[in-house]
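The values are calculated or read from the model by the stated rules, or taken from the named source; none is laboratory data. Remember, predicted model here, so these are calculated numbers, not experimental data. Positions of Cβ are backbone-derived with ideal geometry, glycine not excepted, and every protein chain shown enters the neighbour counts.
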There are 2 protein chains.
Amino acid sequence: METAKRVDIAIIGTGPAGVSAALTAVNRNKTVLLLGSREMSEKVAKAHEIRNYPGLPSIKGADLAEAFRKHLDEAGVTIEEKRVGTVYAMGDYFALQAGEEMLEARTVILATGVVQANPLPGEKELLGRGVSYCATCDAPLYRGKTAAVIGYSPREEAEAAFLQEVCEKVLYFPMYKEETDLPAEVEVIREKVTGIEEADGKRVVRAGENTWTVDGVFVLREAVAPDQLVPGLEADGAHVRVNRKMETSLPGVFACGDLTGTPYQYVKAAGEGNVAAISAAMYADKLRREEK
Amino acid sequence: METAKRVDIAIIGTGPAGVSAALTAVNRNKTVLLLGSREMSEKVAKAHEIRNYPGLPSIKGADLAEAFRKHLDEAGVTIEEKRVGTVYAMGDYFALQAGEEMLEARTVILATGVVQANPLPGEKELLGRGVSYCATCDAPLYRGKTAAVIGYSPREEAEAAFLQEVCEKVLYFPMYKEETDLPAEVEVIREKVTGIEEADGKRVVRAGENTWTVDGVFVLREAVAPDQLVPGLEADGAHVRVNRKMETSLPGVFACGDLTGTPYQYVKAAGEGNVAAISAAMYADKLRREEK
């Protein structure tokens, strides 16, 4: 494991909440690690028209995403395209496992959005026992074996392609309508997955009228459940409990945006990102004073 | 008293919180009364540069105010330049006293900002006994008499000019540096007011080394204390207590922006305005169903 320089604030998510948190954090002279996608949030980019983001009347989602990207550029914030698997509380800092890398931050702001999909039957029960959310982390377990990938967006195809390099065989179940663009060896199965089971030490994917028996199953979505991402975090279903300062149940961990509950609105998310960043900055300042 | 058509949501204040609330409310098909100033909020308009309003990088305060104004125009929202003196809870609606008019709304969103100035010594004690916050309401009490106006911004000069039409004599104490632009009859006194007292049934204004004896004193600021504006509202100093839905202690009254506490940030205010509007819209919908 490689260890990176410890930043003041790691922000997970590049929707309006994460972008707003990053902009405020750098304005407060904090070092920031913004983890997400350069395509920003799918939810923003795909929005047809947003009419109530004050100051930007009737803006297309793609244009709002572009405005956010430009603003980050101007502020000198780079988006790191890394997927965080787990956030570990280490006492006076947090370790963020992103693939093979371990990142360090004094505080963490969660801005991952909400998981819209319900977990598949069997998914939670078999997690860690043949079901995984992280291809980078768990691919080595399936070297020379068969893996199924249940992908909820075209972005997951890169993970399936990577698994094909390691595994003997990869079955890909796209849970979306778009055409797939995958290496020829990956077998694409256009059936809606309805559940995951266990049988004779193997995993069974149930889809349509059929079943497929594999060694491991990767369930890949844009966002993972918050208490999955940060063990010990107090969650209320897909939402994280926060107070008006955007503090979660774990000191040093803040949350903002759709993750904290309804309404799911762009400017609400941006406002919360701002508050989370100011709370995190104050927390990091306190830690820095103690480090001296 | 004239009675207006009852609207779903009355919004008091035209800073980022009030503007955001209005935009979301009309998008939710609610009837809206936006009360404030066409110059928007002084705090926004005078900001040198705002660097963390996501999507509008390094924008001048005046330009952000202009963007808000355009957005309201596009959304068909008109700003009513009325100053609300008191909001009365009437059971299933609210009555907003604005000068001689009585406005009606099913719900009220407070977005008035915070009163930055501390009350003057004697101000709270003498309120309603020779001290007033509303020239329009109380001018008739001083017909043919002497009134002092303590104005905290040039906008208050219009009120002093109006009082001059009614009173025998008006003394104007500007609590700001800008030049005054007042009718010649108004006596401008460039001394910092330090307190208001009572003596022999008259009011005494103490400023600099001197005192002035008058019949009535008008203390005029951009914002009044929230529990002054809405009797019975639970306040914590200059702030109103709210929960994450922006509900105050009074059902049907919501608050957003600087009024709800720090951080005093534009995008935080806009985000809260959005949430307040959605909560108010749901409340108004419920009332409408009951009205049927």
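When segment A:19-41 is filtered for residues that are in a helix (DSSP H, G or I) and either surrounded by fewer than 18 Cβ atoms within 10 Å (Cβ to Cβ) or under 12 Å from the mean Cα position of the chain (by Cα) (or both), only A:ASN27 remains.
Would you check if there is a residue in segment A:269-288 being more than 19 Å from A:VAL26 (Cα to Cα) and of a type in the set (D, E, K, R)? Within segment A:269-288 (the criterion being more than 19 Å from A:VAL26 (Cα to Cα) and of a type in the set (D, E, K, R)), the answer is no, since none of the residues qualifies. Out of all the residues in segment A:257-275, is one or more modelled with pLDDT of 95 or more, closer than 18 Å to A:ALA105 by Cα and surrounded by 18 or more Cβ atoms within 10 Å (Cβ to Cβ)? Yes, because at least one residue in segment A:257-275 is modelled with pLDDT of 95 or more, closer than 18 Å to A:ALA105 by Cα and surrounded by 18 or more Cβ atoms within 10 Å (Cβ to Cβ). Among the residues making up segment B:14-43, those that are at pLDDT below 95 and more than 13 Å from every other protein chain (Cβ to nearest Cβ) are B:GLY36, B:SER37, B:ARG38, B:GLU39, B:GLU42, B:LYS43. Restricting attention to segment A:171-181, the residues that are in contact with a Gly (Cβ under 8 Å, 6 or more places away or on another chain) and assigned to a strand (DSSP E or B) total 3.
Here segment A:114-157 is the region considered, the condition is being aliphatic (A, V, I, L, M) and in a helix (DSSP H, G or I), and the residue that is nearest to the chain's Cα centre (by Cα) is A:ALA135. What residue, among those in segment A:161-189 that are charged (D, E, K, R) and in contact with a strand residue (DSSP E or B) (Cβ under 9 Å, 6 or more places away or on another chain), is surrounded by the most Cβ atoms within 10 Å (Cβ to Cβ)? The extreme case among them is A:LYS169.
Looking at A:GLU197, A:GLU179 in this structure, which one is among the acidic types (Asp, Glu) and over 18 Å from A:TYR133 (Cα atoms)?
On the way: A:GLU197 fails: over 18 Å from A:TYR133 (Cα atoms).
None of the others qualify; the one that does is A:GLU179.
Residues that are more than 10 Å from every other protein chain (Cβ to nearest Cβ) and in contact with a Ser or Thr (Cβ under 6 Å, 6 or more places away or on another chain): does segment B:44-57 have at least one? Scanning segment B:44-57 turns up at least one residue that is more than 10 Å from every other protein chain (Cβ to nearest Cβ) and in contact with a Ser or Thr (Cβ under 6 Å, 6 or more places away or on another chain).
From the residues in segment A:67-86 that are basic (Lys, Arg) and over 30 Å from A:PRO231 (Cβ atoms), which one is nearest to the other protein chains (Cβ to nearest Cβ)? Quick ask: steps written out before the conclusion?
The first filter runs over segment A:67-86 and keeps only residues basic (Lys, Arg), leaving A:69-70, A:82-83.
From what is left, the residues that are over 30 Å from A:PRO231 (Cβ atoms) are A:69-70.
On the way: A:ARG69: 10, A:LYS70: 6 Å.
My answer is A:LYS70.
Search segment B:53-87 for residues being free of Cβ contacts under 8 Å to residues at least 12 places away in the same chain and assigned to a loop (DSSP other than H, G, I, E, B), and hand back the single one that is surrounded by the fewest Cβ atoms within 10 Å (Cβ to Cβ).
Going residue by residue through segment B:53-87, those that are free of Cβ contacts under 8 Å to residues at least 12 places away in the same chain are B:55-59, B:63, B:66-67, B:70, B:73-74.
From the residues that got through so far, the ones that are assigned to a loop (DSSP other than H, G, I, E, B) too are B:55-58.
Values: B:GLY55: 27, B:LEU56: 20, B:PRO57: 19, B:SER58: 13.
Among those that are free of Cβ contacts under 8 Å to residues at least 12 places away in the same chain and assigned to a loop (DSSP other than H, G, I, E, B), it is B:SER58.
Out of everything in segment B:88-109 that is touching a helix residue (DSSP H, G or I) at 6+ places or on another chain (Cβ under 6 Å) and part of a strand (DSSP E or B), what residue ends up being farthest from A:PRO54 (Cα to Cα)? Filtering first and then ranking leaves B:ARG106.
One residue is enough: does segment B:103-113 have a residue meeting the conditions free of Cβ contacts under 8 Å to residues at least 12 places away in the same chain and not hydrophobic (A, V, I, L, M, F, W, C)? So far as segment B:103-113 goes, no, none of its residues is free of Cβ contacts under 8 Å to residues at least 12 places away in the same chain and not hydrophobic (A, V, I, L, M, F, W, C).
Candidates are the residues of segment A:250-284 that are within 14 Å of chain B (Cβ to nearest Cβ) and without any contact (Cβ under 8 Å) to a residue 40 or more places away in the chain; the one that is farthest from the chain's Cα centre (by Cα) is A:MET282. Among the residues of segment A:39-54, which ones are closer than 22 Å to B:GLY76 by Cα and β-branched (Val, Ile, Thr)? The one that is closer than 22 Å to B:GLY76 by Cα and β-branched (Val, Ile, Thr): A:ILE50.
Which strands (runs of 3 or more DSSP E) does segment A:182-292 wholly contain that include 2 or more residues that are under 30 Å from A:ASP8 (Cβ atoms)? It would help to see each step written out before you state the result.
Numbers: elements: A:193-199, A:202-207, A:210-214, A:216-220, A:253-255.
Fully inside segment A:182-292 and qualifying: A:253-255.
The set of residues from segment B:196-221 being within 20 Å of B:GLU157 (Cβ to Cβ) and in contact with a Phe, Trp or Tyr (Cβ under 7 Å, 6 or more places away or on another chain) comprises B:VAL205, B:ALA207, B:GLY216, B:VAL219, B:LEU220, B:ARG221.
Keeping to segment B:188-201, report how many residues are free of Cβ contacts under 8 Å to residues at least 60 places away in the same chain and more than 28 Å from B:LYS43 (Cα to Cα). Steps first, please.
We begin by selecting, within segment B:188-201, every residue free of Cβ contacts under 8 Å to residues at least 60 places away in the same chain; these are B:188-192, B:199-201.
Those still in the list that are more than 28 Å from B:LYS43 (Cα to Cα) too: B:199-201.
Total meeting the criteria: 3.
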